[in-house]
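Enquirer: My questions all concern the structure below.
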Amino acid sequence: MENIGHSELWNECLEYIQERIPTQTFSTWFEPIKSLSLTEKELFLQVPNKFFYDWVVSHYENIIQQSLENAYGDGLRIKYTILMDDDQSLPSAEKHPQTIARQTQDDPQNIIVDNSSKIIEKGTKINKNYIFETFVEGKSNQFAKAAAMAVARDPGRTSFNPLVLYGGTGLGKTHLLQAIGNEVIKNQSLKSVLYLSSDTFTLDFISAIQKNKSTDFSKYYRDVDMLLIDDIQFFQGKESTQEQFFHIFNSLYQHHKQIVLTTDKNPMELKGLQERLISRFKSGLTVDIQPPDLETRIAILQRKAEREELEIPFEVIELLATKIRSNIRELEGALIRLLAYSSLLRVDINVQLTKKVLNEIVGDSHAESNISYSIENIQDVITTKYNINLDTLLGKSRKQEIAEARMAAMYLARKYTSLSLKNIGLYFGGRDHSTVVHACKWVEDKLDSSEEFQKRFERIRKEFDTTLF
Ligand code: ADP
Ligand code: MG
């Protein structure tokens, strides 16, 4: 073992690790690590930035240690070096490695702080309540929050540029995006930050063209130190807006200005977005936010109740969190509606009142069952039963099981919601109504012809019955 080189040793470790973790995880967290040198006691590794280092150490320390023991035996430790990357666009540029020891995780950050002038907030005003402290963390959003905090701490200096956060409605994208803005405003770590929706950007652009001021427009945007744009799915199909955005993006990127974007789908799946924009996104980090699990939903409601100094029985919180599953905005909406009821009717907030409120939100009278479900309910049950995520359900995969899940969900939507075929199609990734008709027919035929399917479907239907009040 004495003569082994650092890269050989590290390659052997990598092989060990690669066999034991998902490919995606491996390429995200291990491929960027470089081995630097080996001494009698230590193997030196280089990681791209501090966030990366924190993440790797807190999540993969054990497996790294095991791989080392496997390849070398006992007695060797890993020392990490963080790359202070001054010029990310030029990989060959001079770099200044700075070694840090495990204990000094909270080294002062390498940010230029300009205390002399107050940070300029441009665009739409950022909501002061959308801060990291009020963002409840759970498995579904942990990584997104960590990445958002990393760019807020070190804008433009992590490899997460651009950072793209994506996920369904009401899952906290805007909250996190604005939390980044609030954090840099609090730290005064930049001179200016610009937050806006993609719509505002488009409108601004159109009005600039009309007034013959597109140069001013582009200067305004290129001058900011941080650009936060919400809901870029609305750029779909708007060619000249995208064109303009692309140039602004490049200019900011080249000057290491942090860009953070949100969208309701994985950018790769956004139709009508230029390839070159999407390929720019790939150079940064794209993170999804999933619907929160029950525990997180409960925690969010409890936190909200605490903040508003409300006394709400736990059964009520639990009931709300159980019934409203896929959207935090709806969850908060239900709580607010409950408060309104209780103060208007001068009654206590209790389980009975909660059921009434929930009935209004989730259930509407329905001809057949007297109950209707929200499309989110249906998608939620189906994704759980088929063990797939919402993106997959709404996506394009034609794999038999996924196609079945999708058709079953459309059938249920037709049966248990009052939505039109056209609207159901829209909820399922923008499909057209004939696809929904086909799905319903397929399910009906299958129910007639396959006993196995019938049983499977019955189990799904039962799941619905248990969500009845
Ligand atoms: P999106 O932009 O993804 O549609 P928002 O960011 O507007 O969703 O979030 C909807 C509401 O839910 C907001 O009031 C937000 O504060 C709240 N919210 C979302 N996620 C969380 C969370 N993890 N913790 C606390 N509140 C949250
Ligand atoms: Mg939003």
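Enquirer: Residues in the range 204-220: is at least one within 14 Å of ligand 1 (Cβ to nearest atom) and either buried (at least 19 other Cβ atoms within 10 Å of the Cβ) or among the small types (G, A, S) (or both)? Steps first, answer last, please.
Expert: Looking only at the range 204-220, we keep the residues that are within 14 Å of ligand 1 (Cβ to nearest atom), and these are none.
No, there is no match, as no residue in the range 204-220 is within 14 Å of ligand 1 (Cβ to nearest atom) and either buried (at least 19 other Cβ atoms within 10 Å of the Cβ) or among the small types (G, A, S) (or both).
Enquirer: Now for a different question. Across the range 160-182, what is the total count of residues that are out of contact with any strand residue (DSSP E or B) (no Cβ under 7 Å at 6 or more places or on another chain) and among the hydroxyl-bearing types (S, T, Y)?
Expert: Counting residues in the range 160-182 that are out of contact with any strand residue (DSSP E or B) (no Cβ under 7 Å at 6 or more places or on another chain) and among the hydroxyl-bearing types (S, T, Y) gives 1.
Enquirer: Additional query: Looking at E8 and the list (1) more than 29 Å from V151 (Cα to Cα); (2) at pLDDT 90 or above; (3) under 30 Å from the mean Cα position of the chain (by Cα), which single condition is not satisfied?
Expert: Going through the list (1) more than 29 Å from V151 (Cα to Cα); (2) at pLDDT 90 or above; (3) under 30 Å from the mean Cα position of the chain (by Cα), E8 breaks only (3).
Enquirer: Considering each residue of the range 183-203, count those that are assigned to a helix (DSSP H, G or I) and touching a strand residue (DSSP E or B) at 6+ places or on another chain (Cβ under 8 Å), and give that number.
Expert: Number satisfying all stated conditions: 5.
Enquirer: List pairs: first residue in the range 216-233 and within 22 Å of S189 (Cα to Cα), second residue assigned to a helix (DSSP H, G or I) and within 16 Å of ligand 1 (Cβ to nearest atom) anywhere in the structure, Cβ distance under 6 angstrom, at least six positions apart or on different chains.
Expert: Final answer for the pair search is L228/L177; L228/G181; I229/S198; D230/T174; D230/L177.
Enquirer: Here is a follow-up. Go through the range 138-156 and give me each residue that's near ligand 1 (Cβ under 7 Å from one of its atoms) and either assigned to a helix (DSSP H, G or I) or free of Cβ contacts under 8 Å to residues at least 60 places away in the same chain (or both).
Expert: Correct list: empty.
Enquirer: Taking the residues in the range 381-406 that are among the aliphatic types (A, V, I, L, M) and surrounded by fewer than 18 Cβ atoms within 10 Å (Cβ to Cβ) as candidates, determine which candidate is farthest from the chain's Cα centre (by Cα).
Expert: Narrowing the range 381-406 to residues among the aliphatic types (A, V, I, L, M): 381-382, 388, 390, 393-394, 402-403, 405.
Next, only the ones that are surrounded by fewer than 18 Cβ atoms within 10 Å (Cβ to Cβ) stay: 402-403.
Details: I402: 22, A403: 25 Å.
Per the stated criteria, the residue is A403.
Enquirer: Same structure, new question: Can you find even one residue in the range 272-294 that is in contact with a Pro (Cβ under 7 Å, 6 or more places away or on another chain), under 26 Å from A150 (Cα atoms) and within 16 Å of ligand 2 (Cβ to nearest atom)?
Expert: Within the range 272-294 (the criterion being in contact with a Pro (Cβ under 7 Å, 6 or more places away or on another chain), under 26 Å from A150 (Cα atoms) and within 16 Å of ligand 2 (Cβ to nearest atom)), the answer is no, since none of the residues qualifies.
Enquirer: Something else about it: Of all the residues that make up the range 407-434, how many are on the phi > 0 side of the Ramachandran plot and crowded, with 16+ Cβ neighbours inside 10 Å? Step through it out loud before you land on a result.
Expert: So in the range 407-434, the residues on the phi > 0 side of the Ramachandran plot come out as 429-430.
Now narrow it down to the ones that are crowded, with 16+ Cβ neighbours inside 10 Å: 429.
Of the residues in that region, 1 qualify.
Enquirer: Which condition from (1) out of contact with any strand residue (DSSP E or B) (no Cβ under 6 Å at 6 or more places or on another chain); (2) of a type in the set (V, I, T); (3) within 18 Å of F160 (Cα to Cα) is the one that I232 breaks?
Expert: (1)
Enquirer: For the subset of the range 155-176 comprising residues that are of a type in the set (A, V, I, L, M) and more than 13 Å from ligand 2 (Cβ to nearest atom), which member is farthest from P48 (Cα to Cα)?
Expert: The residue in question is V164.
Enquirer: Moving to a separate point now. Inside the range 9-35, can you point out the residues that are surrounded by fewer than 17 Cβ atoms within 10 Å (Cβ to Cβ) and not in a helix (DSSP H, G or I)?
Expert: Within the range 9-35, E19, R20, I21, P22, E31, P32, K34 meet the criteria.
Enquirer: While we're on this one: Looking for whichever is away from ligand 2 (no atom under 16 Å from the Cβ), outside the structural domain of P32 (by TED's automatic domain parsing), under 18 Å from the mean Cα position of the chain (by Cα) and buried (at least 22 other Cβ atoms within 10 Å of the Cβ) here; the options are A152, A179, A148, A144. Which one fits? Show your work before the answer.
Expert: Numbers: A179 fails: away from ligand 2 (no atom under 16 Å from the Cβ); A148 fails: away from ligand 2 (no atom under 16 Å from the Cβ); A144 fails: away from ligand 2 (no atom under 16 Å from the Cβ).
Sole residue among the options that is away from ligand 2 (no atom under 16 Å from the Cβ), outside the structural domain of P32 (by TED's automatic domain parsing), under 18 Å from the mean Cα position of the chain (by Cα) and buried (at least 22 other Cβ atoms within 10 Å of the Cβ): A152.
Enquirer: Among the residues of the range 237-259, is there at least one that is within 16 Å of ligand 2 (Cβ to nearest atom) and either part of a helix (DSSP H, G or I) or assigned by TED's automatic domain parsing to the domain that holds R157 (or both)?
Expert: For the range 237-259, residues within 16 Å of ligand 2 (Cβ to nearest atom) and either part of a helix (DSSP H, G or I) or assigned by TED's automatic domain parsing to the domain that holds R157 (or both): absent.
Enquirer: Among the numbered criteria (1) within 16 Å of ligand 1 (Cβ to nearest atom); (2) more than 23 Å from H59 (Cα to Cα); (3) touching a helix residue (DSSP H, G or I) at 6+ places or on another chain (Cβ under 8 Å), which one does Q178 miss?
Expert: Against the list (1) within 16 Å of ligand 1 (Cβ to nearest atom); (2) more than 23 Å from H59 (Cα to Cα); (3) touching a helix residue (DSSP H, G or I) at 6+ places or on another chain (Cβ under 8 Å), Q178 comes up short only on (3).
Enquirer: Does at least one position in the range 297-306 carry a residue that is at pLDDT 90 or above, away from ligand 1 (no atom under 16 Å from the Cβ) and either on the phi > 0 side of the Ramachandran plot or not polar (S, T, N, Q) (or both)?
Expert: no
Enquirer: Further question on the same structure: Is it the case that the range 226-234 has a residue that's charged (D, E, K, R), away from ligand 2 (no atom under 16 Å from the Cβ) and either under 23 Å from I120 (Cβ atoms) or part of a helix (DSSP H, G or I) (or both)?
Expert: Within the range 226-234 (the criterion being charged (D, E, K, R), away from ligand 2 (no atom under 16 Å from the Cβ) and either under 23 Å from I120 (Cβ atoms) or part of a helix (DSSP H, G or I) (or both)), the answer is no, since none of the residues qualifies.
Enquirer: Right, another one. Could you look through the range 132-154, keep only residues that are of a type outside the set (G, A, S) and in contact with an Asp or Glu (Cβ under 7 Å, 6 or more places away or on another chain), and pick out the one that is farthest from S197 (Cα to Cα)?
Expert: Here the answer is K139.
Enquirer: From S117, S189, S159, which residue is more than 16 Å from ligand 1 (Cβ to nearest atom), modelled with pLDDT under 90, assigned by TED's automatic domain parsing to the domain that holds R276 and buried (at least 20 other Cβ atoms within 10 Å of the Cβ)?
Expert: S189
Enquirer: Name the residues in the range 157-182 that are among the hydroxyl-bearing types (S, T, Y) and either assigned to a helix (DSSP H, G or I) or within 21 Å of G138 (Cα to Cα) (or both), would you?
Expert: Residues satisfying the conditions are Y166, T169, T174.
Enquirer: Turning to a different aspect of this structure: Name, by its number, the condition in (1) free of Cβ contacts under 8 Å to residues at least 40 places away in the same chain; (2) within 16 Å of ligand 2 (Cβ to nearest atom) that does not hold for N212.
Expert: (2)
Enquirer: Take the range 144-167 and flag every residue that is out of contact with any Ser or Thr (no Cβ under 7 Å at 6 or more places or on another chain) and of a type in the set (G, A, S).
Expert: If the condition is that a residue be out of contact with any Ser or Thr (no Cβ under 7 Å at 6 or more places or on another chain) and of a type in the set (G, A, S), then A144, A146, A147, A148, A152, G156, S159, G167 are the ones that fit.
The values are calculated or read from the model by the stated rules, or taken from the named source; none is laboratory data. From a predicted model like this one, the values you see are computed outputs, not experimental measurements. Positions of Cβ are generated from backbone atoms using ideal geometry, with glycine treated the same way; all protein chains shown enter the neighbour counts.
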